[in-house]
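A short write-up of the structure that comes next.
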Amino acid sequence: MTTPSQDAPTTGATTGATLDADDRTLRTSVGDFPLHEYRLRVPGHEWRVLHTGEVLTHADEQRFLSEDRARLPYGVVLWPAAIALAHDVASRGDALRGRQVLELGAGTGLPGIVAASLGAHVVQTDRQSLALAVCRRNVERNGLADRIAHREADWTLWSDTARYDWILGSDILYSEPMHPHLRHVLEASLAPDGRVLLSDPFRKPSLQLLEALEADGWRITLSRWSVGEESSPRAIGVYELTRPA
Ligand SMILES: C[S@@+](CC[C@H](N)C(=O)[O-])C[C@H]1O[C@@H](n2cnc3c(N)ncnc32)[C@H](O)[C@@H]1O
């Protein structure tokens, strides 16, 4: 089975991207892509994010990786891990209120958007400017521009010196060469009593990193979520990590 590998660091699509005023099209230097809207509803709340396509089932993922990956970076499509993490964050009520939150590999940004609407101060990061352009628009559309900052940041060149109470990341563990860099980011940017929430569809490389962190003393608990259509649900793990004592 094909699994995501390292995303192309830059594609023609990453420069000069604009969203149409009516939010229907993402215009890039390699073509125009229709935008779709996903709505996440929990009692009392609704969030909406734009994306260029849902990659929810295994079949969607195979199709995306074989057909669309060369033209579109991973961050502009909606992955099921983002939906699971957003639900997980929403289920935590006031736990993130007033807290400093960093989102890594934010893509279209749903988990950070949910965290901000529940009272967190959020910094959303990604190395893809195209993904960040869509993410920013999603933040504006949810009325959260005053609670969320955006930064282009690459895990391999990490320079953020702030410490965060929570670090969020959905489907960011798939590339083994990135693991030392991600470990460094967690160690450098998590507050001493902070927590990390990582969601992942049980990819093999991801489990290897989580096992290595656990062997080094990180405490990890797992919640299981099921995302997508009843006929073809996708199992997603949301892992909560705390630093070694
Ligand atoms: C599979 S996508 C997931 C996007 C989003 N979190 C979601 O779940 O819908 C992986 C994301 O990680 C970002 N990414 C990959 N390598 C990165 C790196 N070295 N530094 C920063 N972001 C990176 C990609 O640009 C992409 O947005």
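Readers should treat all values here as calculations from the given coordinates under stated rules, not as data from a laboratory. Note that the coordinates shown come from a computational prediction; the quantities given were computed from them, not determined experimentally. We place every Cβ from the backbone using ideal geometry, glycine too, and count neighbours over all the protein chains shown.
Assorted remarks:
- In percent, rounded to a whole number, the relative contact order of the chain is 17, using alpha-carbon pairs under 8 Å and six or more apart.
- The relative contact order of the stretch 148-245, computed from alpha carbon pairs under 8 Å that lie at least 6 residues apart in sequence, is 28 percent.
- When Rg and the Kirkwood radius Rh are both evaluated on Cα atoms of the stretch 20-87, their ratio Rg/Rh stands at 1.00.
- Most to least packed among 219-225, 118-124, 190-196 [average Cβ atoms within 10 Å]: 118-124, 190-196, 219-225
- Protection proxy ranking of 49-62, 131-144, 150-163 - average other beta-carbon atoms within 10 Å, highest first: 131-144, 49-62, 150-163
- Distance between modelled label sites at T161 and H184, nm, 7 Å Cα→Cβ extension: 1.7 nm
- Mean residue ellipticity (222 nm) of the chain, computed from DSSP H runs ≥ 4 via -39,500 (n - 2.57), nearest 500: -7500 deg cm²/dmol
- Rg ratio (alpha-carbon, reference 2.2 N^0.38 Å) - the stretch 1-137: 1.05
- Taking every DSSP beta bridge that has both ends in the stretch 12-242, the antiparallel portion is near 60%.
- Per the Debye formula on identical point scatterers at the alpha carbon atoms of the stretch 13-55, with no solvent, log10 I(q)/I(0) at q = 0.33, 0.34 Å⁻¹ is -1.12, -1.15.
- Taking 0.36 nm per residue of separation and subtracting the Cα-Cα distance, full extension of the segment from E54 to E37 would add 5.2 nm.
- If you run the Gaussian network model on the chain, springs between alpha carbon atoms under 10 Å, then out of P111, P180, P80 the most flexible one is P180.
- Relative to the current alpha-carbon distance between A149 and S5, full extension at 0.36 nm per residue lengthens the span by 49.1 nm.
- Multiplying the residue separation of A21 and S232 by 0.36 nm and subtracting their alpha-carbon distance yields 72.5 nm.
- Projected-area mean, the chain, by convex hull of Cα positions, square nanometres: 12.6 nm²
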